[in-house]
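Written out below as structure tokens is the structure these notes cover.
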Amino acid sequence: MKNTKSVCVFCGASNAVPKKFLDIGAEFGRMLAAKGITLVYGGGDCGVMGAVANSTMKHGGHVTGVFPVSLRNIENEHQSLSEIIIVDTMHERKMCMFERSDAIIVFPGGFGTMDETFEILTWKQLKLHHKPIVIFNYEHYWDPLIALMKSIVDTGFARPETAGYYVVVDQVAAILEVLNF
Ligand code: AMP
């Protein structure tokens, strides 16, 4: 088993969000660097994605970005990461990020973040992996989604054990604690 832990962070690429979302991303990047945990993420340079990556790098951490060629006319890949992996498609990106990480962390984000989150959750539902998934419900951002997920289980559209496939935390310090990292 490798010694260095790595976490995949799914999060928003938009800069048009309140600054506190970027700040909490930066705070988490600092924590990753301090603990020597590798950040694996989508390789972009903006939004919460850029904030986590920049802060991890700034504090001496290791960052692997996975960026699809097809995204180049929509988003920019980060130019100064420890490692950047250029892939052909969004699907390859998701698989590559998954393969390189020991746990998945969901920060506030938009539709892309939700797509990534539900793919990883449904892979777990299909028993394709057993990696921990932590949803960081910063300032109740994900409350509506968590309520919907509970309703899905309560109504019978997902098995009750599905609710155990992810952990929700509301403090940034709790993310690595629940992972025992
Ligand atoms: P967003 O949460 O919409 O800001 O997107 C966060 C990241 O997810 C961005 O890097 C997007 O390029 C990426 N993304 C958007 N759509 C998808 C998708 N269908 N599959 C995988 N990643 C996506």
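Helices meeting the span-like rule in the chain (full DSSP H runs, Cα extent of at least 15 Å along the helix axis, mean Kyte-Doolittle score of -1.0 or higher): 19-35, 47-58, 111-125, 143-155. A simple packing score, the average count of other Cβ atoms within 10 Å per residue, orders the peptides 114-127, 46-59, 153-166 as 46-59, 114-127, 153-166, with the highest score first.
The H on the amide N of Ala158, modeled in the peptide plane, is under 5 Å from the matching H of Val153, each at least 5 residues off or on a different chain.
Applying the Karplus relation 6.51 cos²θ - 1.76 cosθ + 1.60 with θ = phi - 60° to segment 9-18 yields 3J(HN,Hα) values of 10, 9, 6, x, 9, 7, 8, 7, 10, x Hz, where x marks Gly and Pro. Amide hydrogen proximity for Gly43: with H placed 1.01 Å from N in the peptide plane, the residues at 5 or more positions away or on another chain lying under 5 Å are Val66. Each peptide in 130-137, 76-83 gets a packing score, the mean of other Cβ atoms within 10 Å over its residues, and the list from highest to lowest is 130-137, 76-83.
Close amide H partners of Glu83, meaning residues 5 or more places away or on another chain with modelled amide H under 5 Å apart, are Val63, Gly65.
Set the bar at 24 Å for Cα to Cα. Now go through Lys35/Lys131; Lys5/Lys58; Lys35/Lys150; Lys19/Lys94; Lys94/Lys124; Lys35/Lys124 and name every pair that lies beyond it. Don't skip to the answer; put the middle values down first.
Values: Lys35/Lys131 20 Å; Lys5/Lys58 19 Å; Lys35/Lys150 33 Å; Lys19/Lys94 27 Å; Lys94/Lys124 14 Å; Lys35/Lys124 27 Å.
Correct reply: Lys35/Lys150; Lys19/Lys94; Lys35/Lys124.
Over segment 12-81, what number does the Rg to Rh ratio reach, with both radii from the alpha-carbon atoms and Rh per Kirkwood?
Numbers: Rg = 11.5 Å, Rh = 11.8 Å.
My calculation puts Rg/Rh at 0.97.
DSSP finds beta bridges in the chain, and of those with both partners inside it, around 5 percent are antiparallel. From zero outward in steps of 5 Å, how is the percent of C-alpha pairs of segment 6-178 spread across the bins? Bins of 5 Å from zero give 2, 9, 18, 23, 21, 15, 8, 3, 1, 0 percent of pairs.
Just so you know, all these numbers are worked out from the coordinates, no wet-lab data involved. Please read all numbers here as calculations on a predicted model, not as lab measurements. Note that we place each Cβ from the backbone using ideal geometry, even for glycine, and neighbour counts take in every protein chain shown.
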